[in-house]
Amino acid sequence: MTQFEQKPEHYWWTKKNSYLIYFIREINGIILGLLAFLFALFALINYYIPTPPTLVIYTLLIYLLQASSIIFTITWLIAMPQITPFQTPAWLKRILAITLVIIWITLSYLISNYAFLYHP
Amino acid sequence: MATGGAGRIYGHSTNSAINTGDGIALSYNAGAALKDMEMIQFHPTTLPNGNLLITEAARGDGGYLLNKHGERFMKKYAPERMELAPRDLVSRAITSEISAGNAASGPHGHYVNLDIRHLGAKTIREKLPTVRSICLTYLNIDPIKNLIPVTPAQHYFMGGISTDLNGNTTLKGLFACGETACVSIHGANRMGSNSLAECLVFGHSTGLQTAKYAASNKHTDSNYIKSKLEKENQKISSLFSASSPFTVFQIRKAMQETMDNHAGIIKNETQLLKGLATIKELQEKAEQIRIKNHSLVFNNELTSLLELKYMLIIAEATLTSAIERRESRGSHFRSDYPTRNDQQPPEHTIINEAHGKMAIAKAPVKINQWKPADRKY
Amino acid sequence: MEIKLKIRRYNPETGQLIWEEASVPFHQDLTVMEALDYLNDHKQKQISFRHSCRMGICGSCGAVVNNEHVLMCQTFCRDLKQPIVIEPIKNFPVIKDLVVDIKNGMEKFRTALPYTKIQSNHTSEKSGYKHLLQSPTQRKKIEQSSQCIKCMLCYSACPIFAFNQNFIGPAAAALADRYNKDNRDHLKESRFREITKDEGIYKCSFIGECSKVCPKSVDPSGTLQKLKIAGVFKSPRKSIPQKNK
């Protein structure tokens, strides 16, 4: 009598929404690190040998890095309300996540606008 | 043996699907004595669909039982204790209300209402969370705002394999404890939560006794065991065949209906005798059932057939003991003998296997501290 | 009216894995467990599955119904899209049809040291049994994590356990937390030493699916993250950690 071993498939993360969000969160972390490294590399290259192609890639990297960090922040802010010290129902978790994202956006706007007032 | 009770012989029971009394029937077949099989406790508050249990704590914390006219009918049956009267009294009260036409009727039968709204949302959420979640899941009602429909159903077997305080049965080397056993610490009526205490206390003591016995005895001849196993294997193989005159479901349903109608909360001699005759017929029919699927891995058809045969033995034992006890005592109530026989000292009903039939004997009840008194509530 | 079911069946003797389609007469209160019982009783389908209490308290009837991990006795067919697809729970070997072998998951509970020893110098006449008492406030602390019914749905939903069968898992970690927070317990040090080993709580990746599927709202996911933090302070490592085989 053989038992049937159930092995997970390679595409297990497409099966459910929460698996997909987790996968995006983790993959995005790796991508973020990679992009940050490339950004630093191209910043260095552009400082010493600025050429049109490297400038284009540098600009592209800025946008990609921005997108990646936004995704990183949002996916981790969504994960935060799951470890409150008190019991929270699912709808409250969603509201907390949205509140955190709104706070982050507001703070980012204020800092990006008024922090440069002190830039010499 | 610690295989639990046999509530599944009834169609309306709070018991799990696996409570088929296998241990009791196996021990009877092997020659152990059964005790007080007629003592069956019916719980008054179960949901009409599926007979899921609504705990007694709902009444203990102050719930009211109302009939369809909205009155607390327990006033007529137990004016002092009201809803906190013993379970058998409340079950009989609800049954009387149903026969008198004072109970509402729904898709799953007649029911009365349990009202816990006056306890307040805080108490219900803190002290009765399971009641609330069962009502929300299975009935889509919130007991904070609605009434809970309840009806009585079979709940517990006070009887079982006869044991002494150490768990020894009448068969040497066989021990039993829990709902399967009848030390008789519950007598004819079990108090709430005492079955849990029984499992803790007697599980511990019987376990230790069994271990001591096993450690102090030599091994049995393994050839003897092998030959017995061969016989069992042959018995099971003989059950496999392509065609069968009946299905397990048909016989089981007939047995459950018989027990519900003939051995319910209120019993009488004619109904019990009719029930016994039907059960004996069903036993013969069950002998003819055959299984098509030959598998020996998780063959649930085979296990249901074996369980059906065990359940029929227990049904027969219950009915036989109930006929013999011509009085009403505790949860065993007979409409033809409605009073307790106080002329003679109380006795246990013992059942043994003799030449393929059930032989009944009586044994005196050991009364230590609490003597039977008048049941006035 | 009839509803359609699609059940994944496995025959251990032939090794065949098939999808069985069947239909069951519908009524408002029909649960998935009752539908399977109907198929066995009236249509002789002989589908093997575990079920016992019928009210969501024993944890036997776990299954994946329409890609959701549920207890079959609590899932009503009126809420499900047809055809209702029923599969056994994942990450455990299938014995037959919907029955799986959960031995691997149950063994993980040993790592959580789910017991406590009564210290012998406390049972004197003077102290009585004070060290065994627990007030309602203290009971409330372990209320949530003691609700676990060992249904193994969280192990089935956890992708870490899917790829690594040595991972301690959500239910075992919640059980460890239940004993840690118990005021009568004093095995905290040894317990933290056990669960912070290599295949212990630090393998958790905070996916959060276990808390979503738990039928008793035990929240193993949140508990694991808090255990991770507490584990850092509670068990200082003095040597290179040994691999937990």
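The set of residues in the stretch A:1-16 being in a helix (DSSP H, G or I) and facing another protein chain (nearest Cβ under 7 Å) consists of A:W12 alone.
Considering the stretch B:8-22, and only residues there that are more than 12 Å from chain C (Cβ to nearest Cβ) and surrounded by 23 or more Cβ atoms within 10 Å (Cβ to Cβ), the residue that is nearest to B:S205 (Cα to Cα) turns out to be B:G21.
Sub-9 Å Cβ pairs linking a first residue in the stretch C:77-89 that is touching a residue at least 40 places away in the same chain (Cβ under 8 Å) and assigned by TED's automatic domain parsing to the domain that holds C:H51 to a second residue that is assigned to a strand (DSSP E or B) and among the hydroxyl-bearing types (S, T, Y), at least 6 apart or interchain, are C:C77/C:T31; C:P83/C:S23; C:P88/C:Y10, ordered by first then second residue. Does the stretch B:291-301 contain at least one residue that is within 14 Å of chain C (Cβ to nearest Cβ), more than 19 Å from the chain's Cα centre (by Cα) and assigned to a helix (DSSP H, G or I)? Yes, the stretch B:291-301 contains at least one residue that is within 14 Å of chain C (Cβ to nearest Cβ), more than 19 Å from the chain's Cα centre (by Cα) and assigned to a helix (DSSP H, G or I).
The helices (runs of 4 or more DSSP H) located wholly in the stretch C:126-165 that include 1 or more residues which are touching a residue at least 60 places away in the same chain (Cβ under 8 Å) and within 26 Å of A:S18 (Cβ to Cβ) occupy C:153-157, C:159-163.
Is it true that A:I49 is more than 30 Å from C:L98 (Cα to Cα), surrounded by 13 or more Cβ atoms within 10 Å (Cβ to Cβ) and without any contact (Cβ under 8 Å) to a residue 12 or more places away in the chain? First the steps, then the outcome.
Numbers: more than 30 Å from C:L98 (Cα to Cα): yes; surrounded by 13 or more Cβ atoms within 10 Å (Cβ to Cβ): no; without any contact (Cβ under 8 Å) to a residue 12 or more places away in the chain: yes.
No; evaluated as a whole, the condition is false for this residue.
Evaluated against (1) under 26 Å from the mean Cα position of the chain (by Cα); (2) away from every other protein chain (no Cβ under 11 Å); (3) under 25 Å from B:G106 (Cα atoms); (4) not hydroxyl-bearing (S, T, Y), C:V85 falls short on exactly one condition, (3). Scanning the stretch C:29-76 for residues that are under 15 Å from the mean Cα position of the chain (by Cα), within 10 Å of another protein chain (Cβ to nearest Cβ), more than 19 Å from C:Y10 (Cα to Cα) and small (G, A, S) returns a single hit, C:G56.
Looking at B:G173, B:G203, B:G207, can you tell me which residue is in contact (Cβ under 8 Å) with a residue 12 or more places away in the chain, assigned by TED's automatic domain parsing to the domain that holds B:G330 and assigned to a loop (DSSP other than H, G, I, E, B)? Working first, answer last.
Numbers: B:G203 fails: assigned to a loop (DSSP other than H, G, I, E, B); B:G207 fails: assigned to a loop (DSSP other than H, G, I, E, B).
One residue alone meets the criteria, B:G173.
Away from chain C (no Cβ under 14 Å) and farther than 25 Å from B:Q288 by Cβ, is that true of B:T210? Walk me through it before giving the result.
On the way: away from chain C (no Cβ under 14 Å): yes; farther than 25 Å from B:Q288 by Cβ: yes.
Judged against the criteria, B:T210 is a match.
For residues in the stretch A:17-39 being out of contact with any Phe, Trp or Tyr (no Cβ under 6 Å at 6 or more places or on another chain) and within 7 Å of chain C (Cβ to nearest Cβ), which is farthest from B:N299 (Cα to Cα)? So the residue we want is A:Y22.
From the list B:R59, B:R92, B:R125, B:R72, the lone residue that is in a helix (DSSP H, G or I) and free of Cβ contacts under 8 Å to residues at least 40 places away in the same chain is B:R125.
What residue, among those in the stretch C:187-232 that are among the polar types (S, T, N, Q) and either in a helix (DSSP H, G or I) or under 18 Å from A:T84 (Cβ atoms) (or both), is farthest from the other protein chains (Cβ to nearest Cβ)? Walk me through it before giving the result.
So in the stretch C:187-232, the residues among the polar types (S, T, N, Q) come out as C:190, C:196, C:205, C:211, C:217, C:221, C:223, C:225.
Subset that is either in a helix (DSSP H, G or I) or under 18 Å from A:T84 (Cβ atoms) (or both): C:190, C:211, C:217, C:221, C:223, C:225.
Details: C:S190: 25, C:S211: 7, C:S217: 8, C:S221: 6, C:T223: 9, C:Q225: 4 Å.
Only one residue fits best here, namely C:S190.
Within the stretch B:52-60, one or more residues are within 14 Å of chain C (Cβ to nearest Cβ) and within 14 Å of B:D115 (Cα to Cα). Applying the set (1) buried (at least 17 other Cβ atoms within 10 Å of the Cβ); (2) assigned to a strand (DSSP E or B) to C:R50 leaves exactly one unmet item: (2).
Against the condition without any contact (Cβ under 8 Å) to a residue 12 or more places away in the chain and surrounded by fewer than 22 Cβ atoms within 10 Å (Cβ to Cβ), how does B:R81 come out, does it pass?
Details: without any contact (Cβ under 8 Å) to a residue 12 or more places away in the chain: no; surrounded by fewer than 22 Cβ atoms within 10 Å (Cβ to Cβ): yes.
No.
Among the residues of the stretch B:302-334, those that are assigned to a loop (DSSP other than H, G, I, E, B) and under 19 Å from B:L34 (Cα atoms) comprise B:R325, B:R326, B:G330, B:S331.
The values are calculated or read from the model by the stated rules, or taken from the named source; none is laboratory data. These numbers were taken from a predicted model, which means no experiment stands behind them. Here the Cβ is made from the backbone with ideal geometry for all residues, glycine too, and neighbour counts use every protein chain on show.
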